1. Which distance in nm do the two modelled labels at SER181 and ASP127 give, with both placed 7 Å along the Cα-to-Cβ direction?
2. Per 10 Å bin, what is the whole-percent P(r) computed from every C-alpha pair distance within region 112-245?
3. Once the convex hull of the C-alpha atoms of the chain is built, how many Å³ does it hold per residue, rounded to a whole number?
4. Extension gain LYS172-ARG146, at 0.36 nm per residue separation less the Cα-Cα distance, in nm?
5. How many percent of Cα pairs in region 79-175 exceed 20 Å?
6. How much FRET efficiency would the formula 1/(1 + (r/R0)^6) give for MET1 and ALA118, where r is the Cβ-Cβ distance and R0 is 41 Å, rounded to 0.05?
7. Counting only the heavy atoms of the protein chains, how much of GLU208 is accessible to a 1.4 Å probe, in Å² to the nearest 10?
8. Can you figure out the FRET efficiency of MET204 with ALA43, using R₀ = 35 Å and their beta-carbon distance, to the nearest 0.05?
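The values are calculated or read from the model by the stated rules, or taken from the named source; none is laboratory data. Small disclaimer: the values here were computed from a predicted structure and weren't measured. Neighbour counts run over all protein chains shown; Cβ positions are idealised from the backbone, glycine included. Protein only, heavy atoms only, side chains kept; ligands, DNA and RNA dropped before computing areas. Shrake-Rupley method; radii C 1.70, N 1.55, O 1.52, S 1.80 Å.
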Amino acid sequence: MQKLYVVGLGPGGREYMTGEARAALEEAELLCGYTVYIDLIRADYPDKEVLATPMTQEIERCRMAVEAAESGKTVAMVCSGDAGVYGMAGLIYETAGENSPVEIVVVPGITAALSGAAVLGAPLIHDFAVISLSDLLTPWETIEKRLRAAGEADFCICLYNPSSKKRADYLKRACGILLESRDPQNACGWVKNIGREGQESRVMTLSELMEEKVDMFTTVFIGNSSTRVMGGKLVTPRGYENKRK
């Protein structure tokens, strides 16, 4: 049976990939993906056939991957982080449809929420919400509702795609919404280029975060009302100390 792997690469370095991901890439005859993500692994697989497309060509990319698999090739569609978290897994299933002869295998990876949290300490130990600030596929009104609900529910929050040239003020707007229900001193942080060259991170308050300049390669973390800064790291208690009382 023809096989199409949808592979989460994690942050990008080989050391962050799972054994299952490496095995899928080794087996694949054709590597398919967004140009930036293909470049992360191209040197490790110099003899593999490659099919890369620029940003915003996701539908075309998935169509070509499915067609290549249906023609008999073993294909690996690569995504950064996890293929099922803002990745290509869902679109691959939609593109293949109900009656495709291709076996689709989703290979999980380390998403930015997890790899970034590890850099900052332990901010996601308790319940948390992951929200993308990109309104390319989701209306800003919907994003606002999700931010407001997560803020009022006191979730720890991880923000993907916090800013871009066209969305320069979106993080500031998001912080403004959260300040409706959160203390300005609420502990926060961000990590840029997680697991890649040029990795940076910073811990700050929510009011300070509101003025930060970040980009699309940055992941933002907003603690809940219990999150503290300990030794320069973000730590969210889960409540074990209450269990001992």
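1. According to this spin-label approximation, the distance is 1.1 nm.
2. The percentages, shortest bin first, are 13, 47, 32, 7, 1, 0.
3. 148
4. 7.8 nm
5. Cα-Cα pairs in region 79-175 separated by more than 20 Å: 50 percent.
6. Once rounded, the FRET efficiency stands at 0.65.
7. 90
8. 0.45
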